[in-house]
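Please read the structure below before turning to the comments.
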């Protein structure tokens, strides 16, 4: 509804007890290869608490009417063991009902890093006490989320995953620049050749032995900006900029003088050569690398 | 990437405050041993394979 490319994915309930739900989303082919995930939102329908139960709770524990809802990404590793990563956690009131939205972008980012064939996206939803110790109440037992097709059979109360993406065909970079066409301000983001001649640099004389120079490349041009409506929806996203998204190191042989003697030494300078240019939103979530 | 940035990275890597001034005489006749060249070539090949992912 808000994105150029909007998809709804219906989830399946696998396990449910009083405080934990496991949601499974089949994700293959939901995210197009040439698309960028901007945001993934998990929507859960919080069922209204029956009035009698609410009145009883208010009488017994008038000062605590909240529970903590935690979303974790569950990954089944190759050895069969499970690993969870905290994605979102927040307090919800037992007096509220209706759709609750949780930002699960990071879970989908993690899922995208899995080796193919990828397992379904598993999200574990836990409803816990607001806090432990004196004054702890059982408000959490009153927080219920609708499962697949169970919300009184009236409406689409089942869990939903919204994927907001940008099509990189329009919003991405274009690879290498055309050497025949001059790059202007309006040109689309591309990688342009930039040769750095080390032999021509005074400080490198007699110091840098190899290489005599190298193709560093640079990212030039501009990126298509999303429509204003998206900027309002996601104010944390700054303008899309043409940046170096992948770089490579540059090995060198230099001469080092030690104790009156000169000897050659190999070193490696990180991020010296641009391998790929991309359009990226300033302020966008930098995906955490998936740990083994 | 500018000339200054290359120099800064090099100085940072070697923990030097300024570029050493080497005379021509220091490097004249200096040969690069085979094992040093092999290490350089291996790093060149690896740098093509291992890209660091940015944003």
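Read-outs throughout are calculated quantities, based only on the coordinates presented, and are distinct from any laboratory measurement. Computed from a predicted structure; not experimentally measured. Note that we place each Cβ from the backbone using ideal geometry, even for glycine, and neighbour counts take in every protein chain shown.
A few remarks follow.
- Unit Cα scatterers, Debye sum, segment A:205-251: log10 I(q)/I(0) for q = 0.17, 0.24, 0.31 Å⁻¹: -0.69, -0.96, -1.16
- Prolate/oblate/rounded call for chain B, Cα gyration tensor, a/c under 1.5 rounded: oblate
- Note on chain A: GNM, Cα springs under 10 Å; of A:233, A:202, A:276, the largest mean-square fluctuation is that of A:202.
- Extended-chain gain in nm, criterion 0.36 nm per residue less alpha-carbon gap, residue B:11 and residue B:24: 2.6 nm
- Estimated FRET transfer efficiency (residue A:116, residue A:176; beta-carbon r; R0 25 Å; 0.05): 0.35
- Fewest-first ordering of A:184, A:20 by other beta carbons within 10 Å of each residue's beta carbon gives A:184, A:20.
- Relative contact order [Cα under 8 Å, 6+ residues apart], chain A, whole percent: 20
- Across segment A:179-292, C-alpha contacts under 8 Å between residues 6 or more apart give a mean separation that, scaled by the residue count, equals a relative contact order of 27 percent.
- Taking other Cβ atoms within 10 Å as a rough exposure proxy, A:170, B:26 sort from fewest to most as A:170, B:26.
- Projected onto its three principal axes, the C-alpha set of the protein assembly as shown covers 95, 50, 37 Å, listed from the longest axis down.
- In chain A, helical runs assigned H by DSSP with n ≥ 4 each contribute -39500 (n - 2.57); averaged across all residues and rounded to the nearest 500, the mean residue ellipticity at 222 nm is -2500 deg cm²/dmol.
- Taking Cα atoms only, the orientation of helix A:51-60 departs from the longest principal axis of chain A by about 80 degrees.
- Least to most buried among A:56, A:188, B:37 (fewest other Cβ within 10 Å first): A:56, B:37, A:188
- Calculated from the alpha-carbon coordinates, segment A:152-292 shows an Rg and a Dmax of 22.7, 87 Å respectively.
- GNM result for chain A, Cα springs below 10 Å: residue of A:41, A:208, A:104 fluctuating most strongly: A:208
- Peptide A:197-206, shielding by other chains (average Cβ, 10 Å cutoff): 4
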